[in-house]
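See structure below.
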Amino acid sequence: MAAPRGEFSSRFGFLMAASGSAVGLGNIWGFPTNAASNGGAAFLIAYLILAFALAYPALMAELIIGRYARSNAVTALRKISAGERSRAAAMLVGFIGIITVSLILSFYAIVSGWMIAFFFDPLARIINFDSASRWLTTDAVLRNSIFVVLFMLVTVIIIRAGVKDGIEKWASRLMPSLIIILILLIIYVLTLPGAMEGLRAYLVPDFSRIVEPALVVDAMGQAFFSLSLGVGTMLIYGSYISKEENLPTIGGLVALLDIGIAVLAGLLILPAMYVALANGVEIFDAEGGLIAGPGLIVSVLPALFNTMGSIGVFVALAFFLLMTIASLTSSISMLEVPVAYGVEHHGLERKNAAIIVGSIITIISLIVVFYFDPLFDMVVTFTTEVSQPLLGFSFCIFVAWIWRRNDILQEIKQGSPEAENGLFWKVWPFYVKYICPLAILVVYFQ
Ligand code: TRP
């Protein structure tokens, strides 16, 4: 067996790492545009309810299994399963989780690569490299490939360094920077003409839509993706938490940070879109909805920054730095899942595992870049809409129906000796046993 397992050195370190995983393109890009196209604050309310009522219990399931088993998802799920058949199922679920998260990383790296390219664009313009600027902002296989490789390289370098010197160290630097940049951008954008219109689109609820199945399905998918659930990411981070930590509390803090930053991002993106509208940029698509897909980030917002005069260059720099940081703290959490498996299950050295797995995922990513049109949407849909909900469902089943209840309680009690009488223990077991699996299935079959 390789070197001893890593552990986060402090509560702050864990919080930054786990919220860094949770806060990503899903929060800054996905959440605001989902809200805008689903009745503004009606979506926000549905999201808040689902995130606390469904995603938080599922997050806790992963954190508790992880810290109990102190291992990767495959080993951990096997450890909590007693019977022959449940152990086989554990192997399968853990393994599908590893494949799923690797595929998620393969498309995430492509989008993150765009963010880096758009970060370099204002730099190129500052030094009057116009042709470089055009190259950076024009969609092309060569550009996309180069930035995928660059992004994966940085991800691998951080993961190679381990839990404390890689994940924790970088998350603790990057997450506070992210929050500061986000707040500064919000303050600036809110002073511009048109911003209030955007705030209204975001915050005035259209309650007639809150019962629409599409809205609920979107809100739940968003909550699961945003909290990085179902694929063993939070499980592996949970496995690095000290036994002295109070799990329900820090899990709650992670959920709060994730939701809080998503809500904040809405205060940036929607006002920015309406400022763009006021400046003559088209923000509606052919059907009259707000542009939400890649067009939002790679055309609407850059067009807005271009209308801002010389300050626009700095706003663009800040914005794409924000996106790059958000991507990176998420991508490291994805790569850690297969790497930990390689280290613990196959006895690989961490440094080698990071390079081997990182290279495989980079190759998959490049294949998706080359055959973008058929593959990209397929990989996104399969991983986030099929695989992730089913895995989330399986995790709930493992915790509530297969794992011995007393073991769970003993695990929670470490770091929270009073847990048995607390609210969490009164509500959560029932939730993961009945409500979560049922809700996931209902939404899934919608
Ligand atoms: N939660 C991140 C976001 O909102 C993405 C992410 C990180 C993720 N790890 C994950 C998504 C694992 C699914 C599974 O962008």
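The values are calculated or read from the model by the stated rules, or taken from the named source; none is laboratory data. Being a predicted model, the structure only gives us computed values, none of them experimental. When we count neighbours, we look across all protein chains shown, and the Cβ atoms used for this are built from the backbone with ideal geometry, even at glycine. The accessibility values were calculated without ligands, DNA or RNA, using every heavy atom of the protein model including side chains. Shrake-Rupley method; radii C 1.70, N 1.55, O 1.52, S 1.80 Å.
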Problem - Search result, residues across segment 358-368 that are open to solvent by less than 50 Å² (accessible area, probe 1.4 Å) and out of contact with any Leu (no Cβ under 9 Å at 6 or more places or on another chain) - result: LEU366
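Going through segment 151-182 one residue at a time, which ones are among the acidic types (Asp, Glu) and touching a residue at least 12 places away in the same chain (Cβ under 8 Å)?
Within segment 151-182, GLU168 is the sole residue that qualifies.
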Exercise for the section: Could you identify the single residue in LEU328, LEU301, LEU335 that is hydrophobic (A, V, I, L, M, F, W, C), farther than 30 Å from ASP165 by Cβ, in a helix (DSSP H, G or I) and open to solvent by less than 50 Å² (accessible area, probe 1.4 Å)? Expected result: LEU301
Fill in the blank from the handout: The condition from (1) crowded, with 18+ Cβ neighbours inside 10 Å; (2) under 28 Å from PHE370 (Cα atoms) that VAL189 misses is numbered (2)
Practice task
Need at least 3 residues that are modelled with pLDDT of 95 or more and within 16 Å of the ligand (Cβ to nearest atom) per element, so show me which helices (runs of 4 or more DSSP H) inside segment 186-253 make the cut, counting only ones lying wholly within it.
Solution key: 233-238
Exercise for the section: Please enumerate the residues belonging to segment 98-153 that are open to solvent by 10 Å² or more (accessible area, probe 1.4 Å), of a type in the set (Val, Ile, Thr) and within 15 Å of PRO294 (Cα to Cα). Expected result: VAL111, ILE116, THR137, THR138
Fill in the blank from the handout: Selection from segment 390-446 of residues of a type in the set (Gly, Ala, Ser) and either without any contact (Cβ under 8 Å) to a residue 12 or more places away in the chain or crowded, with 18+ Cβ neighbours inside 10 Å (or both) yields GLY392, SER394, ALA400, GLY415, SER416, ALA419, ALA439
Exercise for the section: Determine which single condition PHE305 fails, assuming it passes every other condition in (1) in contact with a Gly (Cβ under 8 Å, 6 or more places away or on another chain); (2) farther than 24 Å from ILE180 by Cα. Expected result: (2)
Exercise for the section: Hey, can you tell me all the residues within segment 342-358 that are at negative phi and touching a residue at least 24 places away in the same chain (Cβ under 8 Å)? Expected result: VAL343, GLU344, HIS345, LEU348, GLU349, ARG350, LYS351, ALA354, ILE355, VAL357, GLY358
Completion exercise
Of ALA53, ALA42, ALA22, the only residue that is under 26 Å from ILE186 (Cα atoms) and either more than 13 Å from the ligand (Cβ to nearest atom) or open to solvent by 30 Å² or more (accessible area, probe 1.4 Å) (or both) is ALA42
Handout entry: Matching residues, segment 275-298, being in a helix (DSSP H, G or I) and open to solvent by less than 30 Å² (accessible area, probe 1.4 Å)
Key = VAL275, ALA276, GLY295, LEU296, ILE297
Practice task
Enumerate the pairs (first residue in segment 323-341 and touching a residue at least 24 places away in the same chain (Cβ under 8 Å); second residue anywhere and more than 8 Å from the ligand (Cβ to nearest atom) and small (Gly, Ala, Ser)) with beta-carbon separation below 6 Å, excluding pairs fewer than 6 apart on the same chain, so at least 6 apart or on different chains.
Solution key: SER327/SER112; THR329/GLY20; THR329/ALA171; VAL337/GLY232; PRO338/SER102; VAL339/ALA353; VAL339/ALA354
Practice task
Report yes if THR249 is surrounded by fewer than 23 Cβ atoms within 10 Å (Cβ to Cβ) and free of Cβ contacts under 8 Å to residues at least 24 places away in the same chain, otherwise no.
Solution key: no
Practice task
Kindly state which helices (runs of 4 or more DSSP H) lie completely within segment 1-114 and contain at least 3 residues that are over 20 Å from GLU411 (Cα atoms) and in contact with a Phe, Trp or Tyr (Cβ under 7 Å, 6 or more places away or on another chain).
Solution key: 31-37
Problem - Count - residues of segment 342-393 that are of a type in the set (Asp, Glu) and within 16 Å of the ligand (Cβ to nearest atom) - result: 1
Practice task
Give segment 25-39 a look and list any residue that's within 16 Å of the ligand (Cβ to nearest atom), open to solvent by 10 Å² or more (accessible area, probe 1.4 Å) and among the aliphatic types (A, V, I, L, M), or say none.
Solution key: LEU25
Handout entry: The lone exception for SER172 - which of (1) away from the ligand (no atom under 16 Å from the Cβ); (2) among the hydroxyl-bearing types (Ser, Thr, Tyr); (3) within 28 Å of GLY289 (Cβ to Cβ) it fails
Key = (3)
